[in-house]
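Each remark here refers to the structure printed beneath this line.
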Amino acid sequence: MDTADLIASFVASVLTIMVLSYLVGDNPLFKLAMHLLIGVAAGYVGAVAVHNVLIPGLIEPILEAGLGGLADPQLIVTVIVPLILVVLLFLKVAPSTARYGTVSMVLLVGVGAAVIVGGAITGTLIPLTLASMDTLNPSAVNQLTGESGIERLLNVIIVLIGTLTTLFYFRFTVRTTDVEAPFAIVAGTRIPGPLTVFKGIGKGFIAITFGVMYAGAVAATLIVLAERVQFIWDTVTGVIDSIG
Amino acid sequence: MRLFRTSALWAAVAAAVGVFVLLGYFVDFDFIQNIRLLFMRWAALLAAAALLVGLTNLAQVHWRKLSQTEEGWIYSALLILAFLVTLVLSLVFGPDDDVTLFIFKYLQFPIEAGLMALLSVTLLVAGFRLVTRRRDVFSLLFLGTALLVMIGTGPALGGSEGPITVVMRDMRAWISQVWSAGGARGIALGVALGATTTGLRVLLGADRPYGS
Amino acid sequence: MTAIDLQGLLLLFAFLGLMLGSAAISRRFPATFRKIAAFEALGKAIERAVEAGDRVHLSLGTGSVIGPESAPAFAGLAALTRIARATSMSDRPAVVTAGDGAMAILARDTLRSSYGEAGAADLYDPTSGRLLGPTPFSYVAGLPSVLSNENVSVHMLSGFYGFEAGLAAEFGERARAFVIGGTNEVQSQALLYATTQNPLLGEEVFASGAYLGAGDLHKASLRAQDVIRIALIVLILLGVVVATFGNLI
Amino acid sequence: MCGTPNHGDAEECTNCGARLKPLDVSGSSKESEDWLDRMREEAEESPSPGSSGGSASAEPDQASTEGADDFSDLRSAETGGAGGSEAESSEEEVPEWLQRIREKKAEEPSGSDEPAPEDALRAAARASPVSEDPAPEDALRAAAVASLASDEPAPEDALRAAAAEVPSEAEQPDGPPEGVEQTPEEKNIPEQGSETEPASEGESPEWLEAMESEDGASEADLPHVPALVGGAEEPADEELGDLGLPDWLGEIEPLEDESASTAQEGSSDLAPATLPNWLEAMRPVDTFRSVVEIEPEDDQAVESVGPLAGLSGVLLAEPVVAMPRTSSVGSLQLDVSERQYAQAELLHRLVEEEEQVAPAIPKRGVRLAVFRWAIAAVVLVAVSLPIITGAPSFALPSLEPRELGALFSLVERLPLEQPVLVVFDYEPGYAGELEAVSGAFLDQMMARGLPLASMSTRPTGSALALIALAPFVDRYGYENGQSIVNLGYLSGGQTAVQLFAINPREAILEGFALPEQVQDVWETPVLNGVEVLSDFGMVAVITADSESARVWAEQARPNMADTPLVVVLSAGAEPLVRPYFEGTDRTIGGILSGLPAAVSYELRNGRPGLAQERWDAFGSAMLAAELVLLAGVGYGLVFWWRGRTPA
């Protein structure tokens, strides 16, 4: 590590420690680090947006086309119109002119909403529904894992029950005389109806799923913690070596 | 009344844009696909522009704190300074210049990584408190599963790979690839149902996040 | 992709028909919805906030408006129209934050029109809808100061989050605010389940509009979801039968 | 309060002077603003007019009586109708009146919350055989109004009093204020619709018609906190009118409503319990059915023979009176109306909740801070020990995950002439994990000398790609612009993935950190053969969230032909992505997730990397984490069983 890197690493280590100081409690060092992060991230991302998106997407094409090319319908559609929309969007900066930028936001929202619907239907609803239609044929073999027989059958059934009960758990509309409604409230004695049991299993699967993901998140964050500690330790030893 | 007409017009525009983009998912006709791609390109450009508007707003908020020396104005000052310095350097040299990358690597990166490291403890504290906070069998199931998976993920206890380790690894694989796969599918399907209706409400003009 | 994806179109029109149909009949055949404790607690918490003159904070997450991940944020904005109406009694407007520039603009627009409709246009403050940071972690980095400096007592998370969801909720808990959170990313839901007192599981985050009374089409949406939910369950079961006996034969 | 019938446009009761109309007889937004302003002023003047359920009755505040009056009545009116169905509406209103009672109770040392409302139910039913469920609600309204007019009466007394009066004319003046306060949503209360159909045909008091014209008035009252949850439909009206559904659907609405409008108009103004009982008794069966979706067992509530044939709820009184005092089980067999039933149900739920939720809210204090510090200390020590002292050390995993072999051989088979696209779709925070997990994968590809292109849909992703690839670039002598290029940032987030999939060259225009001589990133040796996504030998997405993996699987896959899609995931996201991996169409060709898998990968490569470097620290940290969670479970269970509240 050369000196510049060492100094930089030292600063970086200090910043990491400032963030971790939140473990003791909210404190000025932590706040300082947070605001520094926001500032740097904002500056960097802003520059990326200008450099990698707006300039090549809107400015360069116009400069290349020159004045003559401005009449080109292709350019008008792909560059001039979005440029106007962008200019209108910038009017959102000032409250007084904000309403003139609405058209640009409307376009964004329209695209966003459509992407949500299209993505959910073609990306999740259909593929996952189809994926859930697995065969219960005991002689079938899972090409991927090579499972077969009872082992595979059991797994398929578990996944199926999990999918269906979890999906059912989120049901919103209830009839006031749902089995789950009356029996659930009789003080002391709970006599669950079939729906209640079904929902209970669903919630159980949700808890298991969340448990797995929580464990994954803990593992992931602990690796990052290990990486940070390693980084700080390397810096400390580096500094000690350079001094000594 | 005039308000209403304007907002109805916006709703119509959003719906029109949305219909083309949405149909593009289901119908593979050039006409629709081209319009859809065009709208999506515009949207990508507008999103970048909106980011700049947002950043201006961010700067305004903190500038106000600074100028009115509200509580924590000193932090806002630091934020604005960091923002301007990074922005100017990145604009002048470009975001892929060594100077900019140096700032990214030694200022932004360690703080974000620090936050992630902080999260590890946060999650453990939350896990520790869960049973005392939410007294039901599901929080026990949640933590029980988490423990099994963590034991199956982490290295072997006692330093060598014994039969118990093997069992725990298989157990972990079974829970995360079978049991939680079922739950995950159900949740994902449900989320997709909710997302679809949410998107459709916007396209139908019932929800108008762009105001009126 | 085939020229026309019939399955998809069919599902799309099923959704549309069911939503509009249920909306049309909702007055004559009102539906009953299951109780979601988190929403009931939210209602009371907002009442308390308004009484105490505290702020309600809505976090729209770090998803981009034009991405599929923006769905829960749109749901949050729909709920905001109702929350703004409720907080129009208070002298402190709700504050809405986002991690995406366009989403922050939408937050401002929604606040402006909601307060306008509630007859409290004077409550609208352009800075009460803001971008906290342009990246997920810079966004959560901005939360502590918002929560502490603007004495927020209700911290509602409704948007897309990655792991930062855990931090977003933790900061709320530390600020001793009422925290309620939901998102579309399942792993983040798991983090919220662990870190918040009132997690919104799965698709519940999309139901906030219906449960806060944001409109008939919100309730109709829940009905439509339930019909399609049952249809999917039946379809899957049928599919399993077909797959099984298809193989056997 | 007195029971004297009044003329429709009378402002006050001629006899007792009770106000018959609210102060805000207006529907226009202008006036609604006035109303709101007034509410706000009042809200500022008095601590909490009506915003807590109890304030209206429990603490009559002269300064805010007016506001509180509006609030309390409005609340019951709104919530009564808001739910749009009995159970829901009662779920709505019960908390309010229950809260009032509870708060009043809180002031009086003795007595639990539970009996009062039940008494109310019973008394109501006993007193008015034909008046259905609404009785308690009205009793409470009456109580509220009464206690507002004069401070003394305790709600539950008022309850019984009011409830007992139900059939008599005595409480009719309560009607008008309520009638006026009714929201249009009150139309949704089916029994009322049914009850009042005869009223609108028959001789309904004049003040009723007068009130009908003022329906709109209450719209302005709606923006009001207590009705928030499941609350006021008023915004819905707005939607259906000028703000909500598409206009053509808006047109459908009135048609839908017209059929029931006669009944509903009446109902909207007529508070159920204020009906004279002879009028109640005139309610024909079919109307009841047509308006409400009632459950089969409710049919029994309808008298089928004898002089009372066709009257619904006639026999209710007897079973209800006979209902055992303490248990609500009886109410299951008995034909208590659904609203009474739901109120009783909710009462139970609320009482149960009170026991649970209250302790569940943690008292943040020193102890929590100590726990936090202790856990932090344990974890930090556990992570630091192996790094600083080299101990403890853990055996590397000997088992390979099933899918690793497939991925390894997939990479081995990749043609050397086709470039691989690696998408770095994660934030800097995740780098610590994902660099360790993806290291071995990148190592294998670059050891084979596969040409590599990287990109990201996140602004910071390109920089992260440089950091992650740097060690291998040096190790295997990759040359920037020749054998490896960074395409840079794909703007537009996940939506842009589709654009990129359809036409990569148009979607990404700028490279990232390219050498000076490179003008166009697409003309570099790495990419000049790439026109479409399927020209890549493989597409690998390194990401932390399943959403972005899903988007690549959905949006990009269709344009990839036979090019495999590999996903390197953060731990925990795997179950969400697996369906795409295991599904019949195998949209995802390979998965790599979690540190153990990465260590196994490095072992296969025969070159130790970041994963093995982190292994010991990770191991001891995981052990510490497991202990912490175990301790938490034990701690929680101890308090759970001892039924005590931990800090």
Note to self: Anything in region A:25-66 that is within 7 Å of chain B (Cβ to nearest Cβ) and among the charged types (D, E, K, R)? List them, or say none.
What the structure shows: A:Lys31
Next item on the list: Could you please give the count of residues in region A:123-156 that are of a type in the set (Ser, Thr, Tyr) and under 19 Å from the mean Cα position of the chain (by Cα)?
Entry: 1
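Taking the stated definitions as given, is D:Tyr426 of a type in the set (Phe, Trp, Tyr), under 45 Å from the mean Cα position of the chain (by Cα) and either open to solvent by less than 40 Å² (accessible area, probe 1.4 Å) or modelled with pLDDT of 95 or more (or both)?
When the stated conditions are applied, D:Tyr426 passes them.
I'm checking my understanding of the structure. Among residues of region D:463-478 that are open to solvent by 30 Å² or more (accessible area, probe 1.4 Å) and more than 48 Å from the chain's Cα centre (by Cα), which one is nearest to B:Ala44 (Cα to Cα)?
The residue in question is D:Val473.
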Next item on the list: Looking only at region D:479-488, decide whether some residue is facing chain B (nearest Cβ under 9 Å), under 38 Å from the mean Cα position of the chain (by Cα) and under 18 Å from B:Asp98 (Cβ atoms).
Entry: no
Checklist line | Positions within region B:101-129 being more than 19 Å from D:Glu435 (Cα to Cα) and at the interface with chain D (Cβ under 7 Å from one of its Cβ atoms), in sequence order | finding: B:Val121, B:Leu124, B:Val125, B:Gly127, B:Phe128, B:Arg129
Check: How many residues does region C:107-123 hold that are open to solvent by 10 Å² or more (accessible area, probe 1.4 Å) and away from chain D (no Cβ under 14 Å)?
Finding: 2
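Please verify whether C:Ala243 is surrounded by fewer than 24 Cβ atoms within 10 Å (Cβ to Cβ) and more than 7 Å from every other protein chain (Cβ to nearest Cβ), treating the condition exactly as stated.
So C:Ala243 fails the test.
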Next item on the list: Identify all residues within region C:34-63 that are more than 27 Å from C:Leu132 (Cβ to Cβ), modelled with pLDDT of 90 or more and facing another protein chain (nearest Cβ under 7 Å); write none if there are none.
Entry: C:Glu40
Next item on the list: Out of the residues in region B:26-45 that are within 9 Å of chain C (Cβ to nearest Cβ) and surrounded by fewer than 16 Cβ atoms within 10 Å (Cβ to Cβ), state the one that is nearest to the chain's Cα centre (by Cα).
Entry: B:Asp28
Next item on the list: From B:Ala59, B:Ala77, grab the single residue that is within 30 Å of A:Met105 (Cα to Cα), assigned to a helix (DSSP H, G or I) and aliphatic (A, V, I, L, M).
Entry: B:Ala59
Check: How many residues are open to solvent by less than 10 Å² (accessible area, probe 1.4 Å) and either at positive phi or in contact (Cβ under 8 Å) with a residue 60 or more places away in the chain (or both) if we restrict to region A:201-239?
Finding: 2
Margin query: So the check is Cβ under 6 Å with 6+ separation or different chains; which pairs have a first residue in region A:27-49 that's over 16 Å from C:Ser148 (Cβ atoms) and a second one that's of a type in the set (Val, Ile, Thr) and buried (at least 24 other Cβ atoms within 10 Å of the Cβ)?
Written below: A:Leu37/B:Ile111; A:Val40/B:Thr86; A:Ala41/C:Thr135; A:Gly43/B:Thr86; A:Tyr44/B:Thr86
Notebook entry, point to check: Does A:Leu136 meet the test of being facing another protein chain (nearest Cβ under 7 Å), more than 26 Å from B:Val191 (Cβ to Cβ) and open to solvent by 20 Å² or more (accessible area, probe 1.4 Å)?
Noted result: yes
Note to self: Looking at C:Glu69 and the list (1) facing another protein chain (nearest Cβ under 7 Å); (2) of a type outside the set (A, V, I, L, M); (3) without any contact (Cβ under 8 Å) to a residue 40 or more places away in the chain, which single condition is not satisfied?
What the structure shows: (3)
Notebook entry, point to check: In region D:446-462, what residues are in contact (Cβ under 8 Å) with a residue 40 or more places away in the chain and under 46 Å from the mean Cα position of the chain (by Cα)?
Noted result: D:Leu452, D:Ala453, D:Met455, D:Thr457, D:Ser462
Next item on the list: Quickly run through region B:46-61 and pick out the residues that are open to solvent by 20 Å² or more (accessible area, probe 1.4 Å) and more than 8 Å from chain C (Cβ to nearest Cβ).
Entry: B:Thr56, B:Ala59
Next item on the list: Would you check if C:Ser158 is small (Gly, Ala, Ser), in contact (Cβ under 8 Å) with a residue 60 or more places away in the chain, outside any helix (DSSP H, G or I) and surrounded by fewer than 24 Cβ atoms within 10 Å (Cβ to Cβ)?
Entry: no
Item checked: Output for region C:92-106, where each listed residue is more than 17 Å from the chain's Cα centre (by Cα) and open to solvent by 20 Å² or more (accessible area, probe 1.4 Å) -> C:Arg92
Notebook entry, point to check: Out of all the residues in region A:22-45, is one or more crowded, with 18+ Cβ neighbours inside 10 Å, under 30 Å from C:Arg176 (Cβ atoms) and hydroxyl-bearing (Ser, Thr, Tyr)?
Noted result: yes
Margin query: When the residues of region D:360-399 are narrowed to those that are of a type in the set (Phe, Trp, Tyr) and buried (at least 19 other Cβ atoms within 10 Å of the Cβ), which ends up modelled with the highest pLDDT?
Written below: D:Phe371
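The values are calculated or read from the model by the stated rules, or taken from the named source; none is laboratory data. Quick caveat, the model's predicted, so the values are computed rather than measured. Here Cβ is always computed from backbone atoms with ideal geometry, including for glycine, and neighbour counts include all displayed protein chains. Ligands, DNA and RNA are excluded from the accessible area calculation, which covers all protein heavy atoms including side chains. Shrake-Rupley method; radii C 1.70, N 1.55, O 1.52, S 1.80 Å.
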